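Each value in this text was obtained by applying a stated rule to the coordinates, not by laboratory testing. A quick note: this is a predicted structure, and the numbers were derived from the prediction, not measured. Positions of Cβ are generated from backbone atoms using ideal geometry, with glycine treated the same way; all protein chains shown enter the neighbour counts.
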Amino acid sequence: MQLGTRWNVGGEPPARLPEAMVVAVRGVEDELASESVDTTGWGWTLTFLEGKPMVALDDGTSIHLDDAGHAQVTNPDDAAEED
């Protein structure tokens, strides 16, 4: 069993997070910064589903690895556009 963890936006991700996901996390954070979004108090949550890592940002953004090991980012706005 693997336990999840939390860390603050801009903080150091857990060492066990795959590099592809770290790059994706940094990309999301850079995008938020470029849009001047106030992320004060926001954090990421790392959980494991069937042994695979998944991270979620407090605004609903999530990142998971696809079968090829590439990070896939899902923004909360993406779900709203599908409705």
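Summary value for the chain: 28 percent relative contact order, contacts being C-alpha pairs under 8 angstrom separated by 6+ residues. Per residue, the chain reaches -8500 deg cm²/dmol at 222 nm when only DSSP H runs of four or more residues are counted, each adding -39500 (n - 2.57). Model label sites at Asn75 and Arg26, defined 7 Å from Cα along the beta-carbon direction, differ in position by 2.1 nm.
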